[in-house]
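A quick write-up on the structure given underneath.
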Amino acid sequence: MHASAHAPAPDRSQVTRRTFLAGAATVSAAAGLEGIFAARRAPAFAQGTKLHIVRWVDFIPEADVELKRQAPEASKALGAEVQFEFINANDLQPRITAAVQSGSGADIIQMLWNWPQLYQNALVDVSDVAEPIGKVQGGYYDVFTSTARVGGKWLAVPHGTGGNAVAYRRSWHNEIGAREFPKTWDEWREVGKKLKAKGKPVGQALGHSFGDPPTFAYPFLWDFGGAEVDQSGKKVVINSKATLESVKFLQAFWKDACDEGGAAWDDTNNNRAFHAGEISSTLNGASIYIVAKRQKDKIKDDKGEPLWQDIDHAPLPAGPAGSYLLFLNQSHALMKYSKNPKLAKDLLRWLHKPENYGKWFTTQEGYSVGAAKKWENDPMWGKLDEPLKMFRTAARNTRLFGYAGPSTAKATEGFTKYVITDMYAKAVQGMKAEDAVKWAEGELKKIYEG
């Protein structure tokens, strides 16, 4: 999912000589040198106000370049210094926890999944920002109602939804007679078996990483009819015949078709393995394709041709109970400790103005399909390559963890502790299927019934 695990240094706006002089000019001459030195120490914005926003290092590097470009524009519009900081996505939760515990940190922090449920006591109600944006932009996707809304209030402003699909090597599948991507898990097992025999296995991440491992594990559970809890969201029902069948199937699929090292992979490993020509397919966002195309002179196939030309996308196959998706939604939350809540809300409004958001959105090329349905009709989709067009309306079909119950803070805790991902990872690494399911049941009971 991730193109690079290294966070670039944050873009810190510098006070230029011109802005210093403008600031210094406001200091009364009677204040003498002391007043001028004080003005020099303070940023050249109203009352020295800074707004600090923390986000992940985007999987599409150009998106961060665009936000850095927008920072001075936003600073000018708001009369406050806007500072973006980009950190590795897996470091977001530790950063949020530390900020909440110390009561200090960035004014706005990016939230993934339904983290607003988890940190609700530390977040400002931003309904006055989120509601109007949703209204004028065609309504938010349903997934945001259960993630960014808590108790009828918006505790974060929806920002984007990262779709996923199986990226696969078209020519390698053609070579074994698979003219289109398998529609069912049984078919994929047979195709994967043939590819693995040729040294071209399926690559699936099952490590502790927020993106590719869980976006595989949860839909896989649902495809076989398994669920964490019942509709009340209180009774743990993971230990079922359906779940057990899914675990046994994955054990066989893993052995027959997969690169078995994937149990330890995070969101960067499968991208690298795919680009290196080590795997035939992997579940991912659009970033594998987009990065391969943007770095076409560097990322080549075994014949020395640009790799992107051989990449296609397909949805995850269906199981006995159907075909389901889990897409990564993200939003921006305003922290209660912020000393500038009004300005922070103004920044969120500014970022979502179509002329500003649209510039960020087009850098994504379908990796993030936006938060509101208006963006499905953006002219960008008409210019995209065919393999990327499948992402346009895909966010309408996503479920969320905690199914079949509501996606509560407890569902987030189960997700954050990787219970479902680890159930499968333990099983493919040798634990008996029954024991892996019992282990997951025990962990979920501690969360839901403890």
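Restricting segment 183-209 to residues that are part of a loop (DSSP other than H, G, I, E, B), open to solvent by 10 Å² or more (accessible area, probe 1.4 Å) and in contact with a helix residue (DSSP H, G or I) (Cβ under 9 Å, 6 or more places away or on another chain), which is farthest from residue 110 (Cα to Cα)? Reasoning before the result, please.
Looking only at segment 183-209, we keep the residues that are part of a loop (DSSP other than H, G, I, E, B), and these are 183, 198-201, 203-209.
Next, only the ones that are open to solvent by 10 Å² or more (accessible area, probe 1.4 Å) stay: 183, 198-201, 208.
Within this subset, residues satisfying the condition of being in contact with a helix residue (DSSP H, G or I) (Cβ under 9 Å, 6 or more places away or on another chain) are 198, 200-201, 208.
Working: 198: 42, 200: 37, 201: 35, 208: 19 Å.
The residue in question is 198.
May I ask you to say which residue of 430, 414, 402 is in contact (Cβ under 8 Å) with a residue 60 or more places away in the chain, at positive phi and out of contact with any Pro (no Cβ under 6 Å at 6 or more places or on another chain)?
On the way: 430 fails: in contact (Cβ under 8 Å) with a residue 60 or more places away in the chain; 414 fails: at positive phi.
Being in contact (Cβ under 8 Å) with a residue 60 or more places away in the chain, at positive phi and out of contact with any Pro (no Cβ under 6 Å at 6 or more places or on another chain) holds for just one of 430, 414, 402, which is 402.
Conditions: (1) over 20 Å from residue 289 (Cα atoms); (2) surrounded by fewer than 19 Cβ atoms within 10 Å (Cβ to Cβ); (3) polar (S, T, N, Q). Residue 338 meets all but one. Number of the miss?
For residue 338, the failing item is (2).
List the number of the failed condition for residue 150; all other conditions in (1) among the aliphatic types (A, V, I, L, M); (2) within 25 Å of the chain's Cα centre (by Cα); (3) crowded, with 24+ Cβ neighbours inside 10 Å hold.
Exception for residue 150: condition (3).
Under the condition of being modelled with pLDDT of 95 or more and aliphatic (A, V, I, L, M), which residue from segment 81-98 is most open to solvent (accessible area, probe 1.4 Å)?
The residue in question is 98.
Would it be correct to say that residue 148 is touching a Leu at 6+ places or on another chain (Cβ under 8 Å), hydrophobic (A, V, I, L, M, F, W, C) and modelled with pLDDT under 95? Quick ask: steps written out before the conclusion?
Values: touching a Leu at 6+ places or on another chain (Cβ under 8 Å): yes; hydrophobic (A, V, I, L, M, F, W, C): yes; modelled with pLDDT under 95: yes.
Considered against the rule, which asks whether it is touching a Leu at 6+ places or on another chain (Cβ under 8 Å), hydrophobic (A, V, I, L, M, F, W, C) and modelled with pLDDT under 95, residue 148 comes out as yes.
Could you check how many residues of segment 353-387 are of a type outside the set (A, V, I, L, M, F, W, C), assigned to a loop (DSSP other than H, G, I, E, B) and open to solvent by 10 Å² or more (accessible area, probe 1.4 Å)? Working first, answer last.
First pass over segment 353-387, keeping only residues of a type outside the set (A, V, I, L, M, F, W, C): 353-359, 362-368, 370, 373-374, 376-379, 382-383, 385-387.
If we keep only those that are assigned to a loop (DSSP other than H, G, I, E, B) as well, we get 353, 365-367, 370, 378-379, 385.
If we keep only those that are open to solvent by 10 Å² or more (accessible area, probe 1.4 Å) as well, we get 353, 365, 378-379, 385.
The qualifying residues number 5.
Only one of (1) basic (Lys, Arg); (2) open to solvent by 10 Å² or more (accessible area, probe 1.4 Å); (3) modelled with pLDDT of 90 or more; (4) under 22 Å from residue 337 (Cβ atoms) fails for residue 69. Which number is that?
Result: residue 69 passes all but (4).
Which numbered condition trips up residue 349, out of (1) surrounded by fewer than 24 Cβ atoms within 10 Å (Cβ to Cβ); (2) within 21 Å of residue 61 (Cβ to Cβ); (3) touching a Pro at 6+ places or on another chain (Cβ under 9 Å)?
Against the list (1) surrounded by fewer than 24 Cβ atoms within 10 Å (Cβ to Cβ); (2) within 21 Å of residue 61 (Cβ to Cβ); (3) touching a Pro at 6+ places or on another chain (Cβ under 9 Å), residue 349 comes up short only on (2).
Restricting to segment 120-145, name every residue that is part of a strand (DSSP E or B) and within 22 Å of residue 93 (Cβ to Cβ). Walk me through it before giving the result.
At the first step, the residues of segment 120-145 found to be part of a strand (DSSP E or B) are 123, 140.
Listed by number, the list holds a single entry, 123.
Among the numbered conditions (1) touching a residue at least 60 places away in the same chain (Cβ under 8 Å); (2) over 26 Å from residue 169 (Cβ atoms); (3) among the β-branched types (Val, Ile, Thr), tell me where residue 369 comes up short.
Of (1) touching a residue at least 60 places away in the same chain (Cβ under 8 Å); (2) over 26 Å from residue 169 (Cβ atoms); (3) among the β-branched types (Val, Ile, Thr), only one is false for residue 369: (2).
Of all the residues that make up segment 284-337, how many are more than 30 Å from residue 124 (Cα to Cα), of a type in the set (Phe, Trp, Tyr) and in contact with a strand residue (DSSP E or B) (Cβ under 7 Å, 6 or more places away or on another chain)?
Number of matching residues: 1.
The rows are residues; the columns are (1) in contact with an Asp or Glu (Cβ under 7 Å, 6 or more places away or on another chain); (2) farther than 27 Å from residue 443 by Cα; (3) part of a helix (DSSP H, G or I); (4) acidic (Asp, Glu).
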residue: 239; (1), (2), (3), (4): yes, no, no, no
residue: 253; (1), (2), (3), (4): no, no, yes, no
residue: 263; (1), (2), (3), (4): no, no, yes, no
residue: 279; (1), (2), (3), (4): yes, yes, no, no
residue: 282; (1), (2), (3), (4): no, yes, no, no
residue: 289; (1), (2), (3), (4): no, yes, yes, no
residue: 308; (1), (2), (3), (4): no, yes, yes, no
residue: 312; (1), (2), (3), (4): no, yes, no, yes
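Just wondering, is there one or more residues in segment 227-245 that are surrounded by 24 or more Cβ atoms within 10 Å (Cβ to Cβ), at pLDDT below 95 and among the acidic types (Asp, Glu)? Reasoning before the result, please.
Applying the first criterion (surrounded by 24 or more Cβ atoms within 10 Å (Cβ to Cβ)) to segment 227-245 yields 228-229, 238, 243.
Next, from what is left, pick out any that are at pLDDT below 95: none.
Within segment 227-245, none of the residues are surrounded by 24 or more Cβ atoms within 10 Å (Cβ to Cβ), at pLDDT below 95 and among the acidic types (Asp, Glu).
Would you mention how many residues in segment 273-292 are among the charged types (D, E, K, R) and at pLDDT below 95? If you could, list the steps in order and put the result at the bottom.
At the first step, the residues of segment 273-292 found to be among the charged types (D, E, K, R) are 278.
Subset that is at pLDDT below 95: none.
Going through segment 273-292 one residue at a time, the tally reaches 0.
Of everything in segment 229-247, what is in contact (Cβ under 8 Å) with a residue 12 or more places away in the chain, out of contact with any Leu (no Cβ under 8 Å at 6 or more places or on another chain) and not hydrophobic (A, V, I, L, M, F, W, C)? Give them in sequence order.
Answer for segment 229-247, where residues must be in contact (Cβ under 8 Å) with a residue 12 or more places away in the chain, out of contact with any Leu (no Cβ under 8 Å at 6 or more places or on another chain) and not hydrophobic (A, V, I, L, M, F, W, C): 230, 231, 232, 233, 234, 235, 239, 240, 245.
The values are calculated or read from the model by the stated rules, or taken from the named source; none is laboratory data. Note that this is a predicted model, so its numbers are computed, not measured. Glycine gets a Cβ as well: all are built from the backbone with ideal geometry, and neighbour counts include every protein chain shown. Ligands, DNA and RNA are excluded from the accessible area calculation, which covers all protein heavy atoms including side chains. Shrake-Rupley method; radii C 1.70, N 1.55, O 1.52, S 1.80 Å.
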